[in-house]
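J.: The structure is given below, and queries will be raised subsequently.
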Amino acid sequence: MSVFSKRSTAAVITVVLCVLALVIGVRRSVGRRAADILDQFESGVRSETAGYTLPSVSAQLEARSNAALGLISLSGPYGDLTEKADAVREAREALLSAGSISARSEANAALAAACDALIPGLEAVLTDPDRISALKDYAGVMSNTARLIETSGYNELVSDFRSNVLGLFPVSILYRIAGVAVPDYF
Amino acid sequence: MKKRSTAVLLTALLLFIFAVPSFALVDKSDSFYVADCAEVLSDALENRIISINGELEYYCSGSQMVVVSVDYLDGLYSDEYAMTLFNEWGVGSREHNNGTLLLLCPNENKAWLTYGSGLDSLLSSSKVNEMFDSVFWGPFDSGDYETAVDNMVSELVGVYASFYSVSEEVLDPSSQQGGGYDYDDGGYVPYENDQTVYSSGNRMSAIIFFLIVVLIIYLIIRRADRLRYRRYCGAMGYGIRPYHWWYLFWGPHLHWHDPRPPRPPMSGGYYSGWNHGSHQYGSHSGFGGHSSGGFGGHSSGGFGGHSGGFSSHSGSGFGGGGHGGGGGGRR
């Protein structure tokens, strides 16, 4: 017990406790902020200045997935488009099964590329007015959602978080120790 | 020579078979709204769906609700199969794209609901999955496909009713009569005494409502009378005396006239008082002060829900032609 009566030991214990408290504090406060950003990926970024919530990236991905399915269904009868439709199907599957935000981002880019390849092919072969109308609708969904994702404000939120929260000392060091999950860019 | 020609014929046949797309969609049924290829639905339910569709097309801008059951999905995911059917058949109004297609494949334990993009504001994948979880998968997994579809149809009727601000009873005439489907009997059977239950229930609530209103009015009048009684006791110099409920009808203060206090001066304090007989009572209040008595308050509120705020479309878009937007279910 005499060890605890030494000044140096007391100082070490104090320092350890302070660091522990800091780590726990960082984990709680920064972790909460990071979780909030991830929530806003699903529910939409809250625009404090405008006072409303912007369309969420997650909702746009769902709409893109549905539109891609529509494009696949339109290409069904045309054997020449099978390869392109398969590429869309594969990209869509990847998007549906992607877990992390970065994986979803990659899958979304692949889906956009596959759809961009399929849409002109469909435009060339479709003759039925209903199908042409459906194609326009699906293509419109793809382009509109791409624009909404760009203006969703999510990446700006992540950027702000990384530079103004994680970039500041001592959080810049402690967040790794605290095991805070950093939100990925989309 | 003969063998060679046989081989050529066989090869040609095989090529033909494999050249045909690997999956074949089911054909539209005569009624269009129900294609029970797996034969899991009763005639009664099919008739109900057809009947609902008549109302849907009339009241909900050409909306259509199609139910399809198939034996196998031919290697496709149910979402793709449903979407392809939706687009092939052109479910819903071309203008409003407001159709829904429920696909079920009992043999593969799959089901999917595809809806047109015109319903995007009300339906989403999560909402559809919620509907599946709450009313569909339970009976479906236990093999009761009839109930599963019946439940889902009711849910969809609710969705359309909410979207187009139409009563569910209007869209689903069978529910108006207060009956149900007795599948053992193979048809719709109105519940006995159902109407009586509804009417006695309505009468009871009306009586309770009336009693509550009367009670509130009584309490307000009683409170006013009690205050008047206290003023009366004060004016008479009786001090504080208990107030009994019958004073409202036979109280000693009933024939007493409460003199109105003089009007306060335009500014500053005012004198308030009254006299009765030889007694004179009064009180001064300070500058600017006054007492505002009385009672009352207000009751705000009322009854009524809201219908979600969706505007209903006018005009019609019959003839079908919608294309799938979203969906949910088990792929």
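J.: Given springs between every Cα pair under 10 Å in a Gaussian network model of chain A, which of A:A113, A:A50, A:A35 has the largest fluctuation?
T.: For chain A, modelled as a Gaussian network with Cα springs under 10 Å, the answer is A:A50.
J.: Here is a follow-up. Taking square-rooted eigenvalues a ≥ b ≥ c of the alpha carbon gyration tensor, is region B:202-250 rounded, prolate or oblate, where a/c under 1.5 means rounded and, failing that, a/b exceeding b/c means prolate?
T.: Cα axes put region B:202-250 in the prolate bin.
J.: Here is a further query. Specify whether the C-alpha gyration tensor of region A:53-100 places it in the rounded, prolate or oblate class, a ≥ b ≥ c being the square roots of the eigenvalues: rounded for a/c under 1.5, otherwise prolate if a/b is larger than b/c and oblate if not.
T.: Since a/c reaches 1.5 but b/c is at least a/b, the shape of region A:53-100 is classed as oblate.
J.: Report B:F210's accessible area, 1.4 Å probe, all protein chains in place, as a number in Å² to the nearest 10.
T.: About 130 Å², rounded to the nearest 10.
J.: In square angstrom, what is the accessible area per residue of region B:59-135 with a 1.4 angstrom probe?
T.: Ligands and nucleic acids excluded, the figure is 29 Å² per residue.
J.: Quick one: angle between helix A:101-125 and the longest Cα principal axis of chain A, in degrees between 0 and 90, rounded to 10, please.
T.: For helix A:101-125, the angle is close to 10 degrees.
J.: While we're here: For region A:17-106, give the magnitude of the charge dipole about the Cα centre (Cβ charges: +1 Lys/Arg, -1 Asp/Glu; no others), in debye to the nearest 20.
T.: Its charge dipole is roughly 500 debye.
J.: Take the solvent-accessible surface of the protein heavy atoms, probe 1.4 Å, and return the percent of it on chain A that carbon and sulfur atoms account for.
T.: 59
J.: For chain A, what value does the Rg/Rh ratio take when both radii are computed over Cα atoms and Rh is the Kirkwood radius, given to two decimals?
T.: Ratio of gyration radius to Kirkwood radius for chain A: 1.25.
J.: Check each residue of region B:75-90 and keep those whose accessible area, probe 1.4 Å, is at least 40 Å² smaller with all protein chains in place than in the chain alone; give them in order of residue number.
T.: The answer is B:E80, B:M83, B:N87, B:E88 - residues whose exposure falls by at least 40 Å² when every protein chain is included.
J.: If DNA, RNA and ligands are ignored and the probe is 1.4 Å, what is the ranking of A:K136, B:K28, B:K110, B:K127 by accessible area, most exposed first?
T.: A:K136, B:K28, B:K127, B:K110
J.: Calculate the spin-label point distance for A:T127 paired with A:A21, positioning each point 7 Å from the Cα along the beta-carbon direction, and give it in nanometres.
T.: Simple spin-label model gives 8.0 nm for this pair.
J.: While we're on this one: Counting only protein chains, not ligands or nucleic acids, how are A:R131, B:R48 ordered by accessible area (probe 1.4 Å), most first?
T.: So, going from the largest accessible area down, we get A:R131, B:R48.
J.: Another question about this same structure. Given the Cα-Cα distance of A:T14 and A:D184 and 0.36 nm per residue of separation, how much length would full extension add, in nm?
T.: 57.6 nm
J.: Put simply, what bits of region A:48-82 lose 50 Å² or more of accessible area when the other protein chains are there, versus the chain on its own (1.4 Å probe)?
T.: Residues of region A:48-82 that lose at least 50 Å² of accessible area once the other chains are added: A:E62, A:N66, A:L69, A:S73.
J.: For A:N144 and A:S172, calculate 0.36 nm times their separation in residues minus their Cα-Cα distance, and state this gained length in nm to one decimal.
T.: 6.4 nm
J.: When chain A is modelled as a GNM with alpha-carbon springs shorter than 10 Å, which of A:D137, A:D160, A:D128 fluctuates the most?
T.: Maximum fluctuation in the GNM of chain A, among the listed residues, is at A:D128.
J.: Mind grabbing the interface size between B and A? I mean buried accessible area, both sides, 1.4 Å probe, in Å² to the nearest hundred.
T.: 1400
The values are calculated or read from the model by the stated rules, or taken from the named source; none is laboratory data. These numbers come from a predicted model, not from an experiment. For neighbour counting, all protein chains shown are included, and Cβ atoms are generated from backbone atoms with ideal geometry for every residue, glycine included. For accessibility, only protein heavy atoms count, side chains too; no ligands or nucleic acids. Shrake-Rupley method; radii C 1.70, N 1.55, O 1.52, S 1.80 Å.
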